[in-house]
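Colleague: Before we start, here is the structure in question, set down as structure tokens.
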Amino acid sequence: MTDILLFIGSGASVPFGLPTMKKLVDLFQNYLSSQSFSYEEYPLMKSIFSNIKEIIGDTYGYADLESVFTVIESLSRNVEYKELGFTSIYVLSNYQKDIKNKLIASSDEQKAAIKLLQLYKDFVRSACKEEDTIEDRITDCYKELFDMLGDKYKFDIMTGDDGLKYRYGPCPIYTTNYDSVMERYWQGISPINDLWKDD
């Protein structure tokens with residue numbers, strides 16, 4: 001049998017009513033505004049998120065949640081400038097001298113970034129959770145795909161714990177999506193990923 005790897009990228013879950021990564025960045029900004037914070041911490045958190053979103057958007061033509069939180073994650077660890085890479089160091093040194101061993105964020109910015117990261121997981125859980133009513137649509141969509149792959153690559157037919165028939169074979173599945181659509185399709189024979197566990 002030919003070895004295959006199935007890659008499910010962003011956009012694959014849009015037909016099920018789930019937001020794209022670009023849409024998630026705007027939804028998170030609204031979510032942030034709806035949370036209760038002390039007066040002191042909220043302005044800095046809002047400012048950090050908005051500035052990163054704007055700079056990335058202006059530079060690349062768009063900003064998505066992952067690109068924004070890549071920067072926030074670095075701020076939360078308060079990495080040194082030299083950890084940003086050779087090109088960044090070269091360019092930054094033209095504008096700011098003596099950046100050796102200097103940190104990229106202040107203590108307050110680091111605390112705000114840590115708080116933003118804490119909100120991030122709860123937000124993703126709620127924003128990327130599918131409605132129970134789409135279960136049949138998920139099953140129909142992916143059953144067709146895996147039946148087709150199963151016919152071509154001679155996958156076995158397995159009965160899951162849920163009583164459904166699955167075409168199952170040595171086909172690793174990799175997805176970049178934050179939702180659990182793929183896990184819901186395979187829920188009869190495969191454990192749910194860690195993001196969706198309650199513990």
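Colleague: Quick check on the exposure proxy: order SER33, SER106, SER180, SER10 from fewest to most C-beta atoms within 10 angstrom.
Modeller: Numbers: SER33 9, SER106 12, SER180 22, SER10 18.
The order, fewest Cβ neighbours first, is SER33, SER106, SER10, SER180.
Colleague: So for region 67-199, taking the charge dipole from beta-carbon charges (+1 Lys/Arg, -1 Asp/Glu), which of CYS141, SER106, CYS128 sits furthest toward the positive end?
Modeller: SER106
Colleague: In region 29-72, if every C-alpha pair distance is counted and binned at 10 Å from zero, what percent goes to each bin?
Modeller: Answer for region 29-72: a P(r) of 27, 52, 20, 2 percent.
Colleague: Using the Cα centre of region 137-181 as the reference point, and only Cβ charges (+1 on K/R, -1 on D/E), how large is the resulting charge dipole? Debye, rounded to the nearest 20. All intermediate terms of the calculation are to be shown ahead of the outcome.
Modeller: Numbers: 6 positive and 8 negative charges, 32 e Å.
It comes to approximately 160 debye.
Colleague: Quick one: Cα centre-to-centre distance for region 106-176 and region 1-38, in angstrom?
Modeller: The two parts, judged by their Cα centres, are 12 Å apart.
Colleague: If you don't mind, another one. If we count GluC sites (Glu not before Pro) as exposed when they sit in a DSSP loop and have at most 12 other beta carbons within 10 Å, what is the longest stretch of the chain that avoids them all? Don't skip to the end; give the middle numbers.
Modeller: Details: sites that count: GLU40, GLU131.
Answer from the scan: 41-130.
Colleague: For the Cα atoms of the chain, what angle does the longest principal axis make with the long axis of helix 65-77, in degrees from 0 to 90, nearest 10?
Modeller: 50
Colleague: Let me ask something else. To the nearest 20 debye, what is the magnitude of the charge dipole of the chain about its Cα centre, counting +1 on the Cβ of each Lys and Arg and -1 on the Cβ of each Asp and Glu? Display every interim value, and only then the final one.
Modeller: On the way: 22 positive and 32 negative charges, 135 e Å.
Dipole size: approximately 640 debye.
Colleague: Given the chain reduced to its alpha-carbon atoms as identical point scatterers, what log10 I(q)/I(0) does the Debye formula return at q = 0.12, 0.13 Å⁻¹?
Modeller: -0.77, -0.85
Colleague: When we measure straight from the Cα of LYS100, which aspartates and glutamates land under 18 angstrom away, once same-chain ones fewer than 8 places off are left out?
Modeller: LYS100 reaches GLU80, GLU83.
Colleague: Rounding to the nearest 10 and keeping the result within 0 to 90°, find how far the Cα-based axis of helix 41-60 lies from the longest principal axis of the chain.
Modeller: For helix 41-60, the angle is close to 70 degrees.
Colleague: What angle do you read, to the nearest 10 degrees and between 0 and 90, between the alpha-carbon axis of helix 86-95 and the longest principal axis of the chain?
Modeller: Roughly 30 degrees between the two axes.
Colleague: Of all DSSP beta bridges located in the chain, what percent are antiparallel, nearest 5? Kindly include the intermediate steps, with their values, before the conclusion.
Modeller: Details: 5 of 8 bridges.
Expressed as a percentage, antiparallel bridges in the chain total about 60.
Colleague: For the chain, what's the relative contact order in percent, using C-alpha pairs closer than 8 Å and at least 6 residues apart?
Modeller: Working: 206 pairs, mean separation 56.1, N = 199.
Reported relative contact order: 28 percent.
Colleague: Please list, in order along region 4-20, the HN-Hα scalar couplings obtained from phi with the Karplus expression 6.51 cos²θ - 1.76 cosθ + 1.60 (θ = phi - 60°), rounded to whole Hz, x for Gly and Pro.
Modeller: 10, 10, 9, 10, 9, x, 5, x, 5, 9, 4, x, 8, x, 8, x, 7
Colleague: Give me LEU119, LEU65, LEU6 ranked fewest to most by other Cβ atoms within 10 Å of their Cβ, as a rough exposure proxy. It would help to have the intermediate numbers written out before the result.
Modeller: Working: LEU119 16, LEU65 25, LEU6 13.
Ranking LEU119, LEU65, LEU6 by Cβ neighbours within 10 Å, fewest first, gives LEU6, LEU119, LEU65.
Colleague: For the pairs LYS53/LYS129; LYS46/LYS129; LYS53/LYS82; LYS121/LYS152, note any where the Cα-Cα span goes beyond 27 Å. Display every interim value, and only then the final one.
Modeller: Working: LYS53/LYS129 24 Å; LYS46/LYS129 25 Å; LYS53/LYS82 23 Å; LYS121/LYS152 38 Å.
Too far apart for the 27 Å limit: LYS121/LYS152.
Colleague: Further question on the same structure: Report the charge-dipole magnitude of region 21-127 in Debye, nearest 20, computed about the Cα centre from +1 at each Lys and Arg Cβ and -1 at each Asp and Glu Cβ.
Modeller: Taking the Cα centre of region 21-127 as origin, the dipole is about 140 debye.
Where a number appears in this text, it was derived from the coordinates with a stated rule and is not lab data. All of these numbers come straight from a predicted model, not from anything done at the bench. Note that we place each Cβ from the backbone using ideal geometry, even for glycine, and neighbour counts take in every protein chain shown.
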